[in-house]
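Notes follow once the structure below has been shown.
No value in this document is a laboratory result; all are computed from the given coordinates. Values in this document were obtained by computation on a predicted structure and should not be read as measured data. Please note: Cβ atoms are built from the backbone with ideal geometry, for glycine as well, and neighbour counts cover all protein chains shown.
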């Protein structure tokens, strides 16, 4: 499947993937992370129960320094 | 009676708030927070760079000691700001939000109309809203009416370090406001921060001047001390400035020499 | 005790609750008055830096009164700086002297033997005609309180008529509800006047033993409701003489500053009615001398440079003319204080000393006098028509 993460295309060999598994694949720690999956805001608790499919758009957002 | 600052339901002993951007390292940020004993820090939300796997700065912050104030930097209108605020809340940042809507990238000045609109929306959604604004006294009252928990007028453009250029307008805001006034942006030296406190501001937010100092940790302490000094001066009753001399030694009994 | 008004309060009664009358009295008496202290405050006020409550307490100490000349100078300067030399004229029009309250000092009191009258719409038209002949353009519609005999629709119709005929109409009725003020605002009313009479809770209860006016909190919040309804002006005042002047002045200042900051689109007016002994045998326990009156006006001018300070025809011509130099910038002129008073004066409608007119000069005469010492009396200052 092809998914868009922060507007960049990524390919995976499966048809669907749990969000938590996707993060593991990419080596991204879930702490303080918020994800918008196809315009739905997911919090940490939702990562196991939501599936990423072909064509899904994800925004991975984290807390960084700012004024 | 302790001179604490109350914003919404939280009490602050330290009237310096710290922005966390542009620090040279996570360690310098952590040490700056520790040494200055700030109790409120702002943070931003950014896209994770999938390749870099950057963990962000959350580990530098102790949520038991510092209130997290995520900002909506990057938003160019109310809609984007509201979206960012909700993302921040979803990221576990709590429901405090610094509303920052800056459509123009050169001076990063805040859009007053979008800011007012976003404030109304976010207050209705249960956020504690601290809007960043230009030092416009009428806008400050409108934001207060809209339910803002405090107002944050700028001293000079973000990152410019030009000091309290808006001092006259900020004085009016302080006089007219029923909610705390936090001077934010452009304070370039501890003396700027002290001045803001001397004229009656409730708190100041400083980022660039500390983060890009040669020794951010030292600078953080300097700002914290300056804020304390300025506040103490304000509540102790600063004398007025005078053109003439006003002798501090008694006028009578001058010896004839 | 927090003396800075830096919280978002619901209503004035919430603020009022935090200021204890006896404590304020104590704070005033603790002040150590010195010439230096006075000059410092005067310099601050003169530099257009807002005075705080600490400054006010200092000015309220009995020893500060002897600096009345210095205070007057700055009060005068500030008044001219903020208001120019404009003195705005207005006149009251009494719609009804029905009243179900029992204020012990007032001739409208339910037990009073005066003949009761409520103007018909035709009679209001007559009054309007007569008032217009005097040249007055700013009107204050006044009535006693009686939900039974003076119903809201009547007041609304009266207000509607007055608002159509005059460029600016304010009201001094019994406290009303928010939606009633909103309605009156929509039909053209610009301002609401409501005197607290006294900010001393104990004495308030004593002076207002029965009737709806008995409720102090409701009265305290009247001007909040007026502000919320969008009124351009709110007018407050205490009946000077009902309780200790200095403390009453503090509370007037507190109320005004609160309103100024909360209803920031609304102007605040302060009045200085001195209570008189009444026919019922009431003698004001805390009589206020002319000098005390002038001093009070001046220090409130220092504390509230942007407010309008109002002195009515209750006061003698000489008193009023001098008061202008202490900060008064609005005056009633040519007033009649009984229903149909501009058309005809009936003895049986005269409600006693609280309604006594000491300055019987015509508006022209007052205007001439003011002009003679450089002032600019104004009959029309604003037109509500701009609101359309």
Name the shape class, rounded, prolate or oblate, that the alpha-carbon gyration tensor gives for chain A, where a ≥ b ≥ c are the square roots of its eigenvalues, rounded holds for a/c under 1.5, and otherwise prolate holds if a/b is larger than b/c and oblate otherwise.
prolate
Across every pair of different alpha-carbon atoms, what Kirkwood hydrodynamic radius in Å does segment C:299-388 reach?
14.8 Å
Normalised contact order of segment C:333-388, rounded percent, pairs of Cα under 8 Å and 6 or more residues apart
32 percent
When the expected Rg is taken as 2.2 N^0.38 Å, what fraction or multiple of it is the alpha-carbon Rg of chain C?
0.94
Mean residue ellipticity (222 nm) of chain C, computed from DSSP H runs ≥ 4 via -39,500 (n - 2.57), nearest 500
-12000 deg cm²/dmol
Can you sort C:169, A:49 from fewest to most other Cβ atoms within 10 Å of each residue's own Cβ?
A:49, C:169
Test of understanding: in a Gaussian network model of chain C with alpha carbons linked when under 10 Å, which of C:292, C:145, C:202 would top the mean-square fluctuation ranking?
C:202
For C:185, A:44, C:386, B:127, what ranking results if the residue with the fewest other Cβ atoms within 10 Å of its Cβ goes first?
C:386, A:44, C:185, B:127
Which of C:376, B:111 has the fewest Cβ neighbours within 10 Å, and the rest in rising order:
C:376, B:111
Convert 37 °C to kelvin, take the viscosity as 0.692 mPa s, use the Kirkwood radius over C-alpha pairs of segment C:132-224 as Rh, and evaluate the Stokes-Einstein diffusion coefficient in µm²/s, rounded to a whole number.
230 µm²/s
Euclidean distance between Cα centres, segment A:1-35 to segment C:319-349, Å:
81 Å
Kindly provide the helix-only [θ] at 222 nm of chain B, computed as the sum of -39,500 (n - 2.57) over DSSP H runs of four or more divided by all residues, to the nearest 500 deg cm²/dmol?
-10500 deg cm²/dmol
Its Cα gyration tensor gives segment B:104-257 an equivalent ellipsoid whose semi-axes in whole Å, largest first, are 35, 20, 13
One computes Rg over Rh for segment C:154-272 from alpha-carbon atoms, with the Kirkwood Rh, and obtains 0.98
From the Cα gyration tensor of segment C:228-377, with a ≥ b ≥ c the square roots of its eigenvalues, which class applies: rounded if a/c is under 1.5, or else prolate if a/b is larger than b/c, or else oblate?
rounded
Checking a compactness column here: for chain B, what do you get for Rg(Cα) / (2.2 N^0.38 Å), N being the number of residues?
1.08
Quick one: if you take sqrt(5λ) for each eigenvalue of the C-alpha gyration tensor of segment B:140-202, what semi-axes come out, biggest first, whole angstrom?
20, 12, 9
Where both partners of a DSSP beta bridge lie in segment C:137-238, what percent of those bridges are antiparallel, to the nearest 5?
0 percent
What's the average, rounded to a whole number, of partner chain beta-carbon atoms within 10 Å of each residue's beta-carbon in B:53-60?
5
As a test, work out the antiparallel percent of DSSP beta bridges whose residues both lie in the protein assembly as shown, rounded to the nearest 5.
30 percent
Using alpha-carbon positions, what is the distance between the centroids of segment B:1-78 and segment C:198-217, in Å?
52 Å
Select from B:225, B:168, B:49 the residue whose mean-square fluctuation is largest in a Gaussian network model of chain B (Cα-Cα springs shorter than 10 Å).
B:49
I need the shape label for segment C:54-101. Rule: rounded when a/c is under 1.5, else prolate if a/b > b/c, else oblate, with a, b, c from the alpha carbon gyration tensor.
oblate
Roughly what % antiparallel, to the nearest 5, for the DSSP beta bridges in chain B?
10 percent
Expressed in Å to one decimal, the Kirkwood Rh of segment B:1-121 from all distinct alpha-carbon pairs is 15.6 Å
Chain B, Gaussian network, Cα under 10 Å: of B:241, B:86, B:65, the residue fluctuating most is B:241
Dimensions in Å of segment C:53-196 - Rg and Dmax from alpha carbons
19.3, 54
Part-to-part distance (alpha-carbon centres) for segment C:114-175 and segment B:147-169, which is given in Å:
49 Å
Over chain C, relative contact order from alpha-carbon pairs under 8 Å, at least 6 apart, %
23 percent
What is the mean number of Cβ atoms from other protein chains located within 10 Å of the Cβ atom of each residue in peptide A:53-65, rounded to a whole number?
6
Which Rg and Dmax, in Å, describe the Cα atoms of segment C:230-317?
13.6, 42
Translational D (Stokes-Einstein, µm²/s) of segment C:191-246 at 37 °C and 0.692 mPa s when Rh comes from the Kirkwood sum over C-alpha pairs?
275 µm²/s
Suppose only helical runs count, i.e. DSSP H with n ≥ 4. What mean residue ellipticity at 222 nm does that imply for chain A under -39500 (n - 2.57) per run, divided by all residues and rounded to the nearest 500 deg cm²/dmol?
-3000 deg cm²/dmol
Could you work out the mean projected area of the convex hull around the alpha carbons of the protein assembly as shown, in square nanometres to one decimal?
39.0 nm²
Relative contact order %, segment C:1-137, counting alpha carbon pairs below 8 Å whose residues are six or more apart:
17 percent
